[in-house]
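A quick write-up on the structure given underneath.
The values are calculated or read from the model by the stated rules, or taken from the named source; none is laboratory data. From a predicted model like this one, the values you see are computed outputs, not experimental measurements. Reconstructed Cβ throughout: ideal geometry from the backbone, glycine too, with neighbour counts over all protein chains shown.
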Amino acid sequence: MLGTTNSDINALVVKKWNLPPTIAETMLGLNFAPEAVSDASHQMRITALSASIAKKLMGIPVLPGDDALQTAVMHHYGMKHEMLSFYTDSYFSLLKENPFYQNAVAVLG
């Protein structure tokens, strides 16, 4: 809709904020294919998984490859898919009460 991708925005943020290499590499490498899960860094895998879970909690539309990537990361770590049942609306409500969450929302507007 905006004519840009998540990767484009990540690249802009990395450049504008002059982020440290480890964070920059993670942000720029988040769109790896499920088949490349073993080649991705630990930070990339965990960030991709948490982003997928966060999207679902916030009601953000899931992209076609998100579920496959989520499954690949979970399989890589030996996690059972049933673990996702923990991330419910009530869990998200608890997160919203956390001061860190509230500060992040305030900063982002």
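Summary of values
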{"quantity": "Scope the stretch 56-90; condition closer than 27 Å to VAL37 by Cα and among the hydroxyl-bearing types (Ser, Thr, Tyr); matching residues", "calculated": "THR71, TYR77, SER85, TYR87, THR88"}
{"quantity": "Residues of the stretch 53-79 classified as of a type in the set (Val, Ile, Thr) and either in a helix (DSSP H, G or I) or surrounded by 14 or more Cβ atoms within 10 Å (Cβ to Cβ) (or both), total", "calculated": "3"}
{"quantity": "Selection status of MET83, in a helix (DSSP H, G or I), farther than 23 Å from ASP8 by Cβ and within 14 Å of the chain's Cα centre (by Cα)", "calculated": "no"}
{"quantity": "So VAL105, is it under 19 Å from ILE9 (Cα atoms), assigned to a helix (DSSP H, G or I) and at pLDDT below 90", "calculated": "yes"}
{"quantity": "Residue that is in contact (Cβ under 8 Å) with a residue 12 or more places away in the chain and not aliphatic (A, V, I, L, M), where the choices are PHE92, PHE86, PHE100", "calculated": "PHE92"}
{"quantity": "Flag for SER38 being of a type in the set (S, T, N, Q) and part of a helix (DSSP H, G or I)", "calculated": "no"}
{"quantity": "Filter result for the condition that a residue is touching a Leu at 6+ places or on another chain (Cβ under 7 Å) and modelled with pLDDT under 90, over ASN18, ASN10", "calculated": "ASN10"}
{"quantity": "Lone qualifier among MET27, MET44 - being at pLDDT 90 or above, of a type in the set (A, V, I, L, M) and surrounded by 15 or more Cβ atoms within 10 Å (Cβ to Cβ)", "calculated": "MET44"}
{"quantity": "Every residue from the stretch 18-35 that is in a loop (DSSP other than H, G, I, E, B), of a type outside the set (Gly, Ala, Ser) and within 11 Å of LEU69 (Cα to Cα)", "calculated": "LEU30, ASN31, PHE32"}
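Condition check ((1) surrounded by 14 or more Cβ atoms within 10 Å (Cβ to Cβ); (2) of a type in the set (Val, Ile, Thr)) across all residues:
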residue: THR5; (1), (2): no, yes
residue: PRO21; (1), (2): no, no
residue: ASP39; (1), (2): no, no
residue: ALA51; (1), (2): yes, no
residue: HIS81; (1), (2): no, no
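A quick yes/no check of all residues on (1) over 26 Å from LEU108 (Cα atoms); (2) in contact (Cβ under 8 Å) with a residue 24 or more places away in the chain:
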| residue | (1), (2) |
| --- | --- |
| LEU19 | no, no |
| GLY29 | no, no |
| VAL37 | yes, yes |
| ALA51 | no, no |
| GLY78 | yes, no |
